[in-house]
Amino acid sequence: MKERRKRKGVVSWNALFWSTLLVVVSFIFFTTTFFFSPFDLPLSPLPFISETPTTVSQPTITIRETVILPDQALIFLNYPPSFRFHTKHDLLCLYFSADSTNRITQPPIQLHFARLREQIVRCKLPPRGNSVSLFIKSDGVLPTKDSSTHPWTPLVYEALFDRDNTTIVFVKGLNLRPERFIQPSTLNCIFGWDFSKPKFFLKSDVISGAQEIIRCKTPKSIIIGQEQSQSIKVTIKEKDREIFPSIARPGLRPRHSKSTKKAHEICICTMLRNQARFLREWVMYHAKIGVERWFIYDNNSDDDIEDVISFLQRIGYNISQHLWPWVKTQEAGFAHCALRARSSCKWVAFIDVDEFFHIRVSGDLSRMIWHHAKPGQKVGEIRILCFSFGPSGQREVPREGVAVGYTCRLSGSERHKSIVRPEALNQTLINVVHHFHLRAPFVSVDAEKRKIVINHYKYQVWEVFKEKFYRRVATYVVDWQQAENVRSKDRAPGLGTKPVEPPDWPNRFCEVRDNGLKNWVLKNFLDRRSHLLPWQPEFQNRIRKRRRRKDKTQPFFLEE
């Protein structure tokens, strides 16, 4: 009887186990239902939480600003981190006016990636009295309410943090003459997010100024917070004038390598517009004579240059495209490129896509540089004479390329182009396209023309040459259609200002037959089986056919 009473007050192990299991299963079931309910049922609010739900604005793509150039509009898009970038086929340029319900849409000219989470859309100019925005086919019209629209001039359009705690600012509208310096005390640089609120921007002193390039001190607070201040802008202010409008957000300061050895011995910077069909030959040729890296500054091309650059990258050439949409700013673009190339390139050549180094003796470009700039001589620039070639009797674009197709030139040289050491450039970065100003103690030297010259295929067949009438890229070079400075060497003698082909054009500018580069190219590039050169489209087609045939003849093995 006592034993029975004892057992009445004790829970059995079997009952305890099943009770515990029931509690755990119930807890898991209700917890899962509460947090992961698939039915999205509304839950009653807790007593201490307001019953009014807070609205969270969803991140959206925004138009940061718009710049109206003389021949097109640039729209700068800002993307939230979670959004994918749109393609050219996702967007339409939208034109509208405030007093009309009519809206016009057109496909964009091109899209370009800018910096992180930014994209530049190039649109045709809006009709007079109209504004421009973007229509995303999947989402509708992008609002322009919080964005700003700027005319091309005056405008601060680019900026870079330099490694000496200065900021390089590129300005349109200062109207400075070529190779002329500006008095630094007449300017200030201003850093901030909103230049309409003086309490929230920082002023700094200008160190130097020339042409379109201003160098100023970077405020210490900006230097410290550089990594976190990617949205900060910089502009300039002249005395007794308003602050210049600006879209310039300085890029990060290039890291300074402790190693004295540069990644590349020789690089090339060029600026071009609609030269895609000549790019393969130009890159392949210069790679053969020692160039290792190419910086392509694209001045608003619309000829699918991206496809050509992508092809060259795939087959191993170290080439990059950098959008430089700014009109008539070649000198500023070259200065910008010199800063970009400085950390990785020992020597940088500044030439156009229709200019080819022609080495007249044995050796490559590196050997030519060493010959003219031996160690210890403090040579910072090598100037090389240019010889201008004419159409050479051709009436159509030569299938073999310019170096083989054009073999007749003027007897005398015209100007020069340079190979420079970026470390030797003057702090103003002043240049006149053909050469830079150097800092002490560096000097420039003239290359021996019996050893190396530049073949400038300046006057090609009319189909190519007439493109020069569109617009010149150099700041201080008059456009072909303007009746100014008509005797300049930048013009074709006797041509005039209208793009009308003279009857004798194919035979002009032919004083000396020069087959030197043609013979070298045929010896070093011609495929003996196909008699084609590697930049010819037919050559690439044959290579593809060979690979397909080779793949078909490969033995087939069964896997064990």
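If the segment from Ile207 to Phe311 were pulled out straight at 0.36 nm per residue, it would be longer than the present Cα-Cα gap by 33.2 nm. In terms of the mean number of neighbouring beta-carbon atoms within 10 Å, the peptides 212-220, 106-114 order highest first as 212-220, 106-114. Taking label points 7 Å from Cα along the Cα-to-Cβ direction, Glu538 and Arg491 give a separation of 4.0 nm. Solvent exposure of segment 398-529, expressed per residue, is 49 Å² of accessible area, with all protein chains present and a 1.4 angstrom probe. If you take the Cα centroid of segment 327-384 and the Cα centroid of segment 87-166, the two points sit 36 Å apart. Between Ser413 and Asp146, take the C-beta separation as r, use R0 = 41 Å, and let me know the FRET efficiency to the nearest 0.05. After rounding, the FRET efficiency stands at 0.15.
So if we plug the beta-carbon distance of Phe469 and Asn515 into 1/(1 + (r/R0)^6) with R0 = 22 Å, what FRET efficiency do we get, rounded to 0.05?
Working: r = 30 Å, r/R0 = 1.37.
Once rounded, the FRET efficiency stands at 0.15.
Highest average first, the peptides 63-71, 350-358 ordered by how many other beta carbon atoms sit within 10 Å of their residues are 350-358, 63-71.
Which FRET efficiency value, to the nearest 0.05, do you get for Asp303 and Lys137 by plugging their Cβ-Cβ distance into 1/(1 + (r/R0)^6) with R0 = 30 Å? Each step should come with its number before you reach the end.
Working: r = 25 Å, r/R0 = 0.83.
About 0.75, to the nearest 0.05.
Look at the dipole of segment 348-490 built from charges on Cβ: of Phe469, Trp480, Ala440, the Cα furthest out on the positive end belongs to Ala440.
Note on Ser343 and Ser82: their simple-model spin labels are 3.2 nm apart, each label 7 Å out from Cα toward Cβ. Relative contact order of segment 318-477, taken over Cα pairs closer than 8 Å and 6 or more residues apart, is 36 percent.
Ranked by the mean number of other Cβ atoms within 10 Å of their residues, highest first, the peptides 521-530, 151-160 come out as 151-160, 521-530. Judged by the ratio a/c of the largest to the smallest principal axis of the C-alpha gyration tensor, segment 330-418 counts as prolate, that ratio being 1.5 or greater while a/b is larger than b/c. Modelled spin labels at Asp446 and Ala483, positioned 7 Å past Cα toward Cβ, are 3.7 nm from each other.
The values are calculated or read from the model by the stated rules, or taken from the named source; none is laboratory data. None of the values given here were measured: they were computed from a predicted structure. Virtual Cβ from ideal backbone geometry, glycine too; neighbours counted across all protein chains shown. What goes into the accessible areas is simple: the full protein's heavy atoms, side chains included, and nothing from ligands, DNA or RNA. Shrake-Rupley method; radii C 1.70, N 1.55, O 1.52, S 1.80 Å.
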